[in-house]
Structures are given as structure tokens and as C-alpha cells.
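Here is the structure we will look at.
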Amino acid sequence: MNIPFLSFKQSNDLIQDQILEAFKKVFDSQWYILGEALKDFEKQYADFNGVNHCVGVSNGLDALHLSLKSLGIGEGDEVLLPSNTYIATVLAVSFVKATPVFVEPDRNTYNICPNNIKKAITSKTKAIIPVHLYGQCCQMDEIMVIAKENKLLVIEDNAQAQGSACGPGLSGSFGDVNATSFYPGKNLGALGDAGAITTNDETIALSIRTLRNYGSQKKYFNHVIGHNMRLDELQAAFLSVKLKYLNQWNLERQQLAEIYNDTLKEVGDIVTPTIAKNCTHVFHLYVIRTKLRDELQKFLSEKGIGTLIHYPVPPHLQEAYQHLGYEKGSFTVAEELADTCLSLPIWPGMKPDQTVLVSKTIKEFFISHS
Ligand SMILES: *Cc1c(COP(=O)(O)O)cnc(C)c1O
């Protein structure tokens, strides 16, 4: 048996001809940075996302960084973010010298808990970064009400959930400015590093266009101290090809997740994903929880099944964040997740039979451990 954690084989086969064509078009254009391919992709992704503006940038971390910077968040400001997020969310807050304040997620959905957000607000709180973790959209209806009542800015981290929704709105369309990543393994992935911000605010969009390109709007005239954080033409052209398949690929992920849900019901102590009322999940990751996580992972690996842990160490326990003064026990929900979560294989093109086989092997493990 050989079931990898993730494979690009099937999706790549499907788009290979179009990718090569897109490559040739950019190659022949002799224009490789800030050109037509990027403009086209930005327009298409803004339309897909239901927002007025999309600005392509170098990666998801830079998208978060520029989002915070464009909103003027900085030293002395507190930014609320989930205690179980990927480190990039926290790093972006550090880059603008603001203070990350961790908020525990809901124990069932793993997304930032609206009630816990309310409890964490102080006079210094400036913004909230809801992270649509594993592919499930946060409860943005409730979060936007809290933000409005407390005059807080909202920056969605939509790296894992392109195409998910809360009510009628898509992830990446709720916040003042929203960041996403097109890292290859994301639901919409480039063939290298890439990211984007989405917003309805024209001034913010212009500010980010300026910041991503040396702080310049006119070549060799610099308005602000900017960065080189541009999304290149090739990646933009590839992303335009892949965007056409995003909804179909998300649907495939949802169908595979459904099979896992059915076949893992009442197996050992396994907890399968819970989806909040009003929200959808596009299963960037299919994450289960079990107290026997490490043993199960080893067993699956020996049988040729790839799994990963997202994430083994929560940000507050990372060496890089020791100066914040947290310790083990500071965020017990995040810590419990880190100790018990396991991401199972899922990708567009994975065969339903493979999914069933993974579940069968998990059952075998629990039979031998009961
Ligand atoms: C992947 C990811 C990022 C960072 O994206 P990069 O393109 O790798 O910089 C940020 N936040 C979350 C939640 C992610 O999963």
C-alpha cells in the first residue's frame, strides 16, 4: 500500500497542457513582473472571491504583513488571533511590532471562538485575525458584529480556505483586508510561492500595491518605505489556470471528507470534524483527534499511509515566542489539539477507494489496541 499524504499527480495531469500554454504565453511576452498575467489573475480572483480588489503578493506571510501594515497597526496595539494557528499569522503581527494576543479556539470546530474574542478585548485591542483553519470558514457573522461593536479591524487569514463560506459571504470577503496564500499545497496553489490580499477598500488596495513594489507608484519615485513582495507573471498565469478548477476540487475534497466521516464513525476514540452552523468547510485538511495519535501515526506509516500533524507545537510554546511569557497550560485547548490531532490524506484526485482503505487501516489499529 502506498497512499501519500498529498499528491499533485491527478490535478497536474488534468491541467498540464494549459499550464504549458500559460508558460509559453508569459515566456514569449518578454515581460515577467507586474504585467498582464498578474492583472488578469487579480481580476479573476477578486471576482471569484466577491470583492472589489485583489492584490497579488509574494506569499501568504507577506500578504498578512502588508495587510496589517496597510491598516496602520503597530507598536502598542494588541491583535487577537487563535492560539492554535500556523506560526505565519503570529509572525506577521510581530513584523509590525504589535502584540499578538492568543484566543482559544472552539473545542469542536477548531476555529477562533467568538465568545473568547469578547473576553480578550482590552483598551489596546486594535484588530482580530480570524484564521479559517483546516478549510472551515470562521463564524464571520458573529465575529463581524463583535468587531463593529468594539470598533476593531478585521483581517482574515484565508490561506487554508479559499472558496469556503459563512452564510452568503465567501471567506476573504468579510474583513477590512484579507490575506491568502497560494503555497503549492493550499486549495488554490501556485507552482511556487504566491499570495494575495482581497479587500473592498480602494485606498487599502492602492496602499498594498505601493508597499509590495518598493513603496512606488511611479517608477523610481518612492512614496513610502516599501518592500519587494510582488507576485510574478508566471505564477499569476498558472494560478489563473488553476482557479477555474477550484470549486470542482473543493467539491472533491468535501466528498472525500464525507467518506471519512461515514467510515470513521465510532472507531476507537476518534473525533471527526465538526462544522459550525452557517459555515462551510473546504477540507484543506481532514483532521481527526485521538489520544493514541502518535501510535496511530506510526502504525499508518508502517502500512504506507502518509499523515501529518497540524500543528505539533502551538505558537505560545514556540521558542521564538518565549518572551511573551506563556507556559504549558496557558492555552489548554490549543495544547490538547496539538497533542491529539492528525491530518489524514486528502487531495483532489484521491480515489474514494483509497479513502476507504485509510479508514479500514485505522479500524485495524484500534482493534489491535482495544
Ligand atoms: C500557509 C499559511 C500561511 C502562510 O502562507 P505562505 O504562503 O506559506 O507564506 C499563513 N497562514 C496560514 C493559516 C497558513 O496555513
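The values are calculated or read from the model by the stated rules, or taken from the named source; none is laboratory data. None of these values were measured; they are calculated from a predicted model. Note: ideal-geometry Cβ built from the backbone for every residue, glycine included; neighbour counts use all protein chains shown. These area figures cover heavy atoms from the full protein model, side chains too; ligands, DNA and RNA do not enter into them. Shrake-Rupley method; radii C 1.70, N 1.55, O 1.52, S 1.80 Å.
The table below lists the values:
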read-out	value
Relative contact order [Cα under 8 Å, 6+ residues apart], the range 246-368, whole percent	36
Within the chain, longest stretch clear of exposed trypsin sites (Lys or Arg not before Pro) (DSSP loop, no more than 10 other Cβ within 10 Å)	1-150
Value of [θ]222 nm, deg cm²/dmol, for the chain, DSSP H segments ≥ 4, -39500 (n - 2.57) each, nearest 500	-12500 deg cm²/dmol
Relative contact order of the range 64-117, pairs being alpha-carbon contacts under 8 Å that are 6 or more residues apart, as %	36
Accessible area of the range 103-167 belonging to carbon and sulfur atoms, whole % at 1.4 Å probe	48
Proximal lysines to K126, defined as alpha-carbon separation beneath 18 angstrom and excluding residues fewer than eight positions away on the same chain	K69, K97, K118, K148, K151
DSSP bridge orientation in the chain - percent antiparallel, rounded to nearest 5	60
Stokes-Einstein D (µm²/s) once Rh is taken as the Kirkwood radius of the range 246-368 over alpha-carbon pairs, at 25 °C in 0.890 mPa s	156
Gaussian network model of the chain, springs between alpha carbon atoms under 10 Å - residue of A190, A179, A276 with greatest fluctuation	A276
About the Cα centre, charge dipole magnitude for the chain (Lys/Arg +1, Asp/Glu -1 at Cβ), debye	300
Å² per residue, accessible surface of the chain at 1.4 Å	45
Sulfur and carbon atoms: percent of accessible area, the range 246-368 [1.4 Å]	53
Residues of type lysines that K298 reaches as a straight line, Cα spacing below 22 Å, ignoring anything fewer than 8 places off in the same chain	K265, K360, K363
Per residue convex hull volume, Cα atoms of the chain, in Å³	136
